[in-house]
Amino acid sequence: MAPSPLLPFSSYPVRPGSFAAELGSTVVVAPHPDDEALGCGGLLALLRQAQQPVAAVLVSDGTMSHPASERFLAPARRAVREAEFRQALGSLGIMTEPLLLGLPDSLVPGSDAEPGFAEAVAQLRDFLTRHRAATVLVPWRRDPHPDHRATSQLVQAALAAQPEPPSCLEYIVWAWERAAPDDLPTPEDGVRGFRLDIGPVVPQKQRAIAAHRSQVAPGIFTDDPSGFLLSPEMLAHFAAPYEVYFEALES
């Protein structure tokens with residue numbers, strides 16, 4: 001599916017897949033299980049092909065996609081989604097044990113004033129240090145989902161105290177479907193957008209997306225018909241041979 005004419009993504013310059021080899025040790029931070037595959041699964045596959053170390057952080061417990069399920073109560077939903085997360089990572093070549101923060105889905109804290117924020121920041125900071133991250137993949141700061149925006153705040157807080165913080169690449173998920181004009185980059189953001197050519201690894205990315213069986217029709221938590229499933233229209237954006245990223249402008 002082509003992006004909306006209001007979105008600038010198709011006009012961004014394209015970088016070759018070989019760009020991944022320049023990023024060094026990388027940590028991907030996903031608000032929910034499936035964001036890693038949707039937003040940057042192609043880049044993750046390219047990083048591993050280039051033999052770059054990759055580790056992953058899952059921020060939320062993922063339980064609110066089907067909150068009315070009675071056959072799968074919250075602990076079971078969490079277990080299923082964490083298993084899917086690991087399977088998706090494995091299909092992208094990432095075998096390192098992920099960090100599971102277990103924050104409440106739909107209520108990820110985004111400021112110091114909210115319970116759990118400081119503890120999550122400390123865990124993130126330690127994980128990034130242990131993995132000697134040169135690059136962090138994080139949702140675009142105004143990706144139109146509250147957990148994605150809160151995740152961006154968590155990462156920025158974790159990086160703030162580091163004398164030589166890693167570079168950030170911001171990926172998009174819900175901006176494809178829900179972006180309002182104010183959600184898109186402005187000159188004040190100090191970033192530029194680009195498209196990464198992931199053509200050779202699109203099948204691998206698709207396998208990673210498919211690993212999230214509870215989020216793709218027909219799903220697993222089928223006793224909650226009002227629960228969330230990725231629509232065909234949404235999935236079409238992530239079958240494209242490129243991914244969209246924002247990076248800081250050079251100062």
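Quick one: would you say Leu100 is under 15 Å from the mean Cα position of the chain (by Cα) and touching a residue at least 60 places away in the same chain (Cβ under 8 Å)?
Answer is no for this residue.
Residue check: is Leu249 of a type in the set (A, V, I, L, M, F, W, C), under 18 Å from the mean Cα position of the chain (by Cα) and either within 29 Å of Thr135 (Cβ to Cβ) or open to solvent by less than 20 Å² (accessible area, probe 1.4 Å) (or both)?
Spelling it out, it is not the case that Leu249 is of a type in the set (A, V, I, L, M, F, W, C), under 18 Å from the mean Cα position of the chain (by Cα) and either within 29 Å of Thr135 (Cβ to Cβ) or open to solvent by less than 20 Å² (accessible area, probe 1.4 Å) (or both).
With of a type outside the set (Lys, Arg), touching a strand residue (DSSP E or B) at 6+ places or on another chain (Cβ under 7 Å), open to solvent by 20 Å² or more (accessible area, probe 1.4 Å) and farther than 30 Å from Pro225 by Cβ as the only criterion, which of Thr26, Thr96 stands out?
Of Thr26, Thr96, the one residue that is of a type outside the set (Lys, Arg), touching a strand residue (DSSP E or B) at 6+ places or on another chain (Cβ under 7 Å), open to solvent by 20 Å² or more (accessible area, probe 1.4 Å) and farther than 30 Å from Pro225 by Cβ is Thr96.
Within region 100-146, count every residue that is touching a strand residue (DSSP E or B) at 6+ places or on another chain (Cβ under 9 Å) and among the polar types (S, T, N, Q).
Residues in region 100-146 being touching a strand residue (DSSP E or B) at 6+ places or on another chain (Cβ under 9 Å) and among the polar types (S, T, N, Q): 3 in total.
Of all residues being of a type outside the set (A, V, I, L, M, F, W, C) and open to solvent by 70 Å² or more (accessible area, probe 1.4 Å) in region 138-164, which is nearest to Val191 (Cα to Cα)? Just the residue, please.
Arg141
Please name all residue pairs, on different chains or six or more residues apart, with Cβ atoms under 7 Å, provided the first residue is in region 230-251 and is in contact (Cβ under 8 Å) with a residue 60 or more places away in the chain and the second residue is among the acidic types (Asp, Glu) and open to solvent by 40 Å² or more (accessible area, probe 1.4 Å).
These pairs meet every condition: Tyr242/Asp197.
If Phe221 satisfies every condition in (1) touching a Ser or Thr at 6+ places or on another chain (Cβ under 6 Å); (2) surrounded by fewer than 18 Cβ atoms within 10 Å (Cβ to Cβ); (3) not β-branched (Val, Ile, Thr) but one, which is the exception?
(2)
Could you check region 146-172 and list, in sequence order, the residues that are touching a residue at least 60 places away in the same chain (Cβ under 8 Å) and either within 14 Å of Val108 (Cβ to Cβ) or among the basic types (Lys, Arg) (or both)?
Asp147, His148, Ala150, Thr151, Leu154, Val155
Is there a residue being buried (at least 21 other Cβ atoms within 10 Å of the Cβ) and more than 20 Å from Ala37 (Cα to Cα) anywhere in region 186-199?
No - not one qualifying residue is present in region 186-199.
The values are calculated or read from the model by the stated rules, or taken from the named source; none is laboratory data. All values derive from a computational prediction rather than experimental measurement. Glycine gets a Cβ as well: all are built from the backbone with ideal geometry, and neighbour counts include every protein chain shown. Side chains included, ligands, DNA and RNA excluded: accessible areas come from the protein's heavy atoms. Shrake-Rupley method; radii C 1.70, N 1.55, O 1.52, S 1.80 Å.
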